[in-house]
Amino acid sequence: MDYMKLAVDKTIEWMNENIGGPFGAAVVRGDEIIAVTGNRVIADTDPSQHAEMAAIREACQRLGTTDLSDCVIYATCEPCPMCVSVIIWSGIKEVYYCNTAEDAHKHGFSDLHLRDYLTGKDKSVLKMVKVPAREDCDYLFEHFHRLKENK
């Protein structure tokens, strides 16, 4: 099965329907296709609805878990830093992609500013401010662990 072709076909379909841009992804477990999506940024007016994010959300819902460690993802383009983060958080260990971040940049879909920020090359894109310790924020972790222990 050509999983990349499934992602390409879904992307074309969704671009034609003005749902999203030129990015697609498929989440696969063994030979089982769990989710195939395109980018949903336009339809959802949501900058986080990249194809990989949408595919992982759909896969997690279908499988009833946030652990996709037994899955792989096929992406039509190299995942951006946000998508890489979610891929790692979901436990996916293998990503197959075709186009690169540089290819996307050439076509007006650049994430190079994000990559530069994360590598420390350019800290001007975001001001991060650590506030003093707060008991109410610390309580959130304690409360979460208590809830988990009582289940």
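Say whether the condition of being open to solvent by 90 Å² or more (accessible area, probe 1.4 Å), modelled with pLDDT of 95 or more, of a type in the set (S, T, N, Q) and out of contact with any helix residue (DSSP H, G or I) (no Cβ under 8 Å at 6 or more places or on another chain) is met by at least one residue in region 84-93.
Among the residues of region 84-93, not one is open to solvent by 90 Å² or more (accessible area, probe 1.4 Å), modelled with pLDDT of 95 or more, of a type in the set (S, T, N, Q) and out of contact with any helix residue (DSSP H, G or I) (no Cβ under 8 Å at 6 or more places or on another chain), which makes the answer no.
Starting from region 109-127, take each residue that is hydrophobic (A, V, I, L, M, F, W, C) and list its partners that are modelled with pLDDT of 90 or more, counting only C-beta distances under 6 angstrom and pairs at least six apart or across chains.
Leu112/His105; Leu114/Pro81; Leu118/Pro81; Val125/His113; Val125/Tyr117
Working only within region 37-83, note down all residues that are over 13 Å from the mean Cα position of the chain (by Cα), closer than 17 Å to Ala7 by Cβ and open to solvent by 60 Å² or more (accessible area, probe 1.4 Å).
Arg62
Find the residue count for region 16-35, including only residues that are touching a helix residue (DSSP H, G or I) at 6+ places or on another chain (Cβ under 9 Å) and open to solvent by 30 Å² or more (accessible area, probe 1.4 Å).
Looking only at that region, the number is 6.
Any residue in region 5-22 that is touching a residue at least 24 places away in the same chain (Cβ under 8 Å) sitting within a Cβ distance under 6 Å of a residue that is part of a loop (DSSP other than H, G, I, E, B)? List the pairs, counting only those 6 or more apart or interchain.
Correct list of pairs: Trp14/Gly20; Ile19/Arg40; Gly20/Asn39; Gly20/Arg40; Gly21/Asn39.
Does Leu68 fit the bill of being farther than 20 Å from Ser48 by Cα and in contact with a strand residue (DSSP E or B) (Cβ under 9 Å, 6 or more places away or on another chain)?
Answer is no for this residue.
Go through region 98-136 and count every residue that is touching a Cys at 6+ places or on another chain (Cβ under 6 Å) and either open to solvent by 100 Å² or more (accessible area, probe 1.4 Å) or of a type in the set (Val, Ile, Thr) (or both).
Residues meeting the conditions: 0.
The values are calculated or read from the model by the stated rules, or taken from the named source; none is laboratory data. Owing to the predicted nature of the structure, the values given are computational and were not obtained by experimental measurement. Every residue, glycine as well, gets a Cβ built from its backbone with ideal geometry; the counts of neighbours run over all protein chains shown. Ligands, DNA and RNA are excluded from the accessible area calculation, which covers all protein heavy atoms including side chains. Shrake-Rupley method; radii C 1.70, N 1.55, O 1.52, S 1.80 Å.
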